[in-house]
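Taking it in order: structure first as structure tokens, then the write-up.
Each reported figure results from applying straightforward, stated rules to the coordinates on display, with no laboratory input. From a predicted model like this one, the values you see are computed outputs, not experimental measurements. Using ideal geometry, Cβ is built from the backbone for each residue, glycine included, and neighbour counts are taken over all protein chains shown.
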Amino acid sequence: MPERPETRPGAGPPREPPPTRWALPDPRAAEGDLVGLGADLEPGTLLAAYRAGFFPMRIEPGGPIGWWSPDPRGVIPLEGGHVARSLRRSARRYNVTVDTAFPAVVAGCADPSRRHGWIDDSFQAAYARLHELGWAHSVEVWTTGEGPPRLAGGLYGVAIGGFFAGESMFHRARDASKVALLHLVEALPAGGGVLLDVQWCTPHLETLGAVALPRDEYLGRLADAVRRPALRLG
């Protein structure tokens, strides 16, 4: 298990980095999910992109950075959701922490053996910088029982105001990524979160409560969420 630090880099108030040097496009003018190509992964660029309604993902491994604004957009409502009893039972088998092993969680999400893997070293370094500045966060799920705890799964994403952009999640044990998401969904409202973005509304995410929003509606909710006080996860 990665050593747990005495102080958590992502736990303090977020610090604003220098602004991006790029002119970012308006997602409302895009005809498809892909808004633009290129730019960089500097903290100011990433934050400007999330605030404007899009996120980075390479077109293909080793390819250019694509900036995406899916229409419709997948979000998970933070009120009135139903959680299956089986998932509640699974959650009792694990311990959950926040921001205690950010690099290990991102590395788990970036495992090259995963299908369609695209999280390369440059993305890992970029989100590590956001974490150090207090904008990126991880949820870790640890095994319990005999032997030392092991990282069974987790997720990471970016928090701005009352907005959380889920980037990726992984699991090495049954339901571990779902338990991480369950913790996030329950922690966000208590910490001031109002909008949880999961990018695309895939069939798998639909089983976890995701719904699809038209781009204009999503952008309206985003504009409200990012103006709110910084949320608290831990």
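For every other residue with a beta carbon closer than 13 angstrom to the beta carbon of Ala125, add +1 if it is Lys or Arg and -1 if Asp or Glu, then tell me the sum.
Local net charge: -4.
Before rounding to the nearest 500, sum -39500 (n - 2.57) across all DSSP H runs of length at least 4 in the chain and divide by the residue total; then give [θ] at 222 nm in deg cm²/dmol.
Calculated at 222 nm, the ellipticity per residue is -8500 deg cm²/dmol.
Highest GNM mean-square fluctuation, the chain, Cα pairs closer than 10 Å: which of Gly38, Gly145, Gly162?
Gly145
So if each residue of separation counts as 0.36 nm, and I subtract the Cα-Cα distance between Leu37 and Ser122, what length gain in nm does that give?
Here the segment from Leu37 to Ser122 would lengthen by 29.0 nm.
If R0 is 41 Å, what FRET efficiency do you get for Glu60 and Arg15 from their C-beta distance, rounded to 0.05?
About 0.80, to the nearest 0.05.
Taking the number of other C-beta atoms within 10 Å as the exposure measure, put Thr143, Thr100, Thr202 in order starting with the fewest.
Thr202, Thr143, Thr100
Within the chain, which is the longest segment containing none of the GluC sites (Glu not before Pro) that sit in a DSSP loop and have at most 12 other Cβ atoms within 10 Å?
147-234
Report the FRET efficiency, 1/(1 + (r/R0)^6), for Leu87 and Ala23, where r is their Cβ-Cβ distance and R0 is 35 Å, rounded to 0.05.
0.20
Tell me, what is the FRET efficiency for Asp111 and Glu79 to the nearest 0.05, using R0 = 35 angstrom and their Cβ-Cβ distance as r?
Efficiency, rounded to the nearest 0.05: 0.55.
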